[in-house]
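Contents: one structure, followed by commentary.
The values are calculated or read from the model by the stated rules, or taken from the named source; none is laboratory data. Because the structure is a prediction, the values reported are computed rather than measured. Every residue, glycine among them, receives a Cβ derived from its backbone with ideal geometry; neighbour counts consider all protein chains shown.
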Amino acid sequence: MTASAFAASNFSDVPSNHWATSYINKMSEGGLIKGYGNGKYGPEDKLTIGQMAKLICSAKGYAGKSANNTKYWAYGVVDYCINDLQCLPNLGAITPQNYDKNCSRELAFYMLEKGLGAGPDAELTQKPLLTAADIPDFANITSDRISEPSG
C-alpha cells in the first residue's frame with residue numbers, strides 16, 4: 001500500500017496509516033466524536049461504558065442531559081441507554097464506579113446492536129455488517145461476557 005492510499009488524519013495522535021484513521025475522520029466530520037481537544041483523539045485508549053453510551057446517544061441525536069442533583073457526566077446518556085434504548089444489561093446504579101469501567105468489545109457490540117438496531121436481533125430488516133465468521137474469536141464470546149463487562 002502506498003502512502004497516497006492512506007487518509008490524512010484529523011487528529012495529531014492518529015497516524016495516517018492507522019487502520020481506523022478513515023473511520024475516525026468520518027465520525028469526527030459527522031459530529032459523532034470530538035476527541036479530547038487540542039487535536040488529540042487517543043486511538044489506543046480504552047473505551048468506557050459511559051463513553052460508549054455517549055456515542056450511541058450522539059448517533060441517535062440525544063443530548064444526554066444530566067439528571068437533577070447529579071454531577072456524574074454520563075448519567076443522562078447511560079440512563080437513556082438503559083431505560084429508553086434498552087441497550088445495557090442491568091449493571092446496577094448509574095455511578096462513576098460502574099460506568100467508568102472499560103467497555104469490552106462484546107458489550108460494545110451488544111450496545112450498538114440494541115441501541116442502534118443494526119444487528120441480528122434488531123427491529124430493522126437490514127443484515128448485520130459482521131457475521132460470526134468475521135470475528136476470529138467469536139467462539140470465545142459468551143453471554144456472561146456481555147452482561148459482565150471486563151475492565
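Observations, loosely collected:
- Matching residues in segment 17-33 - criterion: being surrounded by 14 or more Cβ atoms within 10 Å (Cβ to Cβ) and over 25 Å from C57 (Cβ atoms): H18
- Considering each residue of segment 8-20 in turn, none proves to be closer than 18 Å to G115 by Cβ and either modelled with pLDDT under 85 or within 18 Å of the chain's Cα centre (by Cα) (or both).
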